[in-house]
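The values are calculated or read from the model by the stated rules, or taken from the named source; none is laboratory data. Since this is a predicted model, take the numbers as computed values, not measurements. For neighbour counting, all protein chains shown are included, and Cβ atoms are generated from backbone atoms with ideal geometry for every residue, glycine included. SASA here: full protein model, heavy atoms, side chains in, ligands and nucleic acids out. Shrake-Rupley method; radii C 1.70, N 1.55, O 1.52, S 1.80 Å.
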Amino acid sequence: MAIIAVGIDLAKNVFAVHGVNAGGKAVLVRPTVKRDALLELVAKLPPCLIGMEACSGAHYWAREFAKFGRDVRIIAAKFVAAYRLSGRRGKNDAADAQAICEAVQRPHMRFVPVKSDDAQARLAIHRVRQGFVEQRMATINRIRGLLSEVHRLDERCRRLMGMPGIGEKTATALMASIGNGHDFKCGRQLAAWLGLVPGQYSSGGKQRLGRITKAGDSYLRMLLILGARSVVVAAKKKTDRLSRWVTELVNRRGYWKAVVAVAAKNARMAWAMLSKGEAFEPIG
């Protein structure tokens, strides 16, 4: 009887092929088919249903087999495992090919659409991008872990972290950049050095203040701004004096001006704590 269904277990160089007839009897069992002989073997088969497990290579082979007029179906690997007769312990290429052949004939089996060359190329770019994102996050997490160990060794960093909006990164960056803050006469000078004060456009005795200058260390300014944003968000749920001031400032001046004001305030308080050796003491 003619072959009606074929299961192919894909690999790099050697493939396993299992074909059955209408009665379910195995009439084509090839546990080792070399890569350069696979297309020739499929070309000689009668019109039949061909199944393969989903992978990047499966889409290539599906496109090639379709040129011979074959009905090709791709199945997710998790749906094939249930049809492996010998279970997990008997997993091998021949058993996988037999399971694929059995699974592809199921009437309610769900299949993976065959992708074109262009679709695979576009998805490859997405996969590369996602890989870079995962590597970036892994690197950030490693650095964060190292910084958390650095700040534990310095009592001044621990004091800074007692202030809302100051974490390991900001505390260690401030310490590495300004030390004890003795290069600045006051906290406002530090805030001005970080570019957190408004630029002046005064003339004729009339004072005009514009946007912040954004001068100085942009990295430190970014860290303080990010910390200030968390303070502004958390202030809505708190009733202490600082949170009440922040909430009133948001209502009066707007969200972003409040964020910059909190960042500048934190910079001034950080200078006071470093230069005078004081700890942050919240006022109720």
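Brief remarks on what is shown
- Estimated distance in nm for a label pair at TRP256 and VAL14, the labels positioned 7 Å out from Cα along Cα-to-Cβ: 6.5 nm
- Using just its DSSP H runs of length 4 or more, each adding -39500 (n - 2.57), the chain gives a mean residue ellipticity at 222 nm of -17000 deg cm²/dmol after division by all residues.
- Its alpha carbons considered, the stretch 53-143 gives a radius of gyration followed by a Dmax of 17.3, 55 Å.
- Across every direction, the projection of the convex hull enclosing the Cα atoms of the stretch 1-157 has a mean area of 13.6 nm².
- Residue ranking by accessible heavy-atom surface, 1.4 Å probe, largest first, among HIS18, HIS108 comes out as HIS108, HIS18.
- Modelled label reach - PHE111, point 7 Å along Cα→Cβ, the stretch 1-29 residues with backbone N closer than 18 Å: 3-10, 18-22
- FRET efficiency, 1/(1 + (r/R0)^6) with R0 45 Å, evaluated for ILE125 and ALA279 via beta carbons: 0.30
- For the stretch 1-79, trypsin sites (Lys or Arg not before Pro) meeting the loop criterion (DSSP other than H, G, I, E, B) and having at most 10 other Cβ atoms within 10 Å: LYS12, LYS25, LYS67.
- Cα-Cα pairs of the stretch 123-194 separated by more than 17 Å (percent): 57 percent
- Candidate aspartates and glutamates - alpha carbon under 20 Å from LYS34, same-chain residues fewer than 8 apart omitted: ASP9, GLU53, GLU64, ASP93, ASP96
- Exceedance of the 24 Å cut-off in Cα-Cα distance is limited, within the set LYS44/LYS67; LYS67/LYS91; LYS237/LYS257, to LYS67/LYS91.
- Share of alpha-carbon pairs per 5 Å distance bin for the stretch 167-284, given as whole %: 2, 11, 20, 22, 20, 15, 7, 2, 1, 0
- VAL112 long-range amide H proximity, modeled H, under 5 Å: ILE74, ILE75, ALA76
- To the nearest 10, the accessible area of ASP217 is 50 Å² with a 1.4 Å probe.
- Ranking PHE184, PHE79, PHE15 from most to least accessible surface, computed with a 1.4 Å probe over the protein chains only, gives PHE79, PHE184, PHE15.
- Cross-link partners of LYS238 among aspartates and glutamates, defined as those whose alpha carbon lies under 15 angstrom from its own and excluding same-chain residues fewer than eight positions apart: GLU248.
- Size estimate for the chain follows the Kirkwood approach: the inverse of mean 1/r over distinct Cα pairs works out to 24.8 Å.
- DSSP finds beta bridges in the chain, and of those with both partners inside it, around 65 percent are antiparallel.
- A full extension of the chain between SER218 and ARG158 corresponds to an added length of 19.3 nm, given 0.36 nm per residue minus the alpha carbon distance.
- Only Cα sites of the stretch 9-76 enter the Debye sum here, all with the same form factor; the resulting log10 I(q)/I(0) across q = 0.20, 0.24 1/Å is -0.83, -1.23, listed in q order.
- Taking amide hydrogens as placed 1.01 Å from N in the peptide plane, the amide H of GLY51 sits under 5 Å from those of VAL6, GLY7, ILE8, ARG73, each at least 5 positions away in sequence or on another chain.
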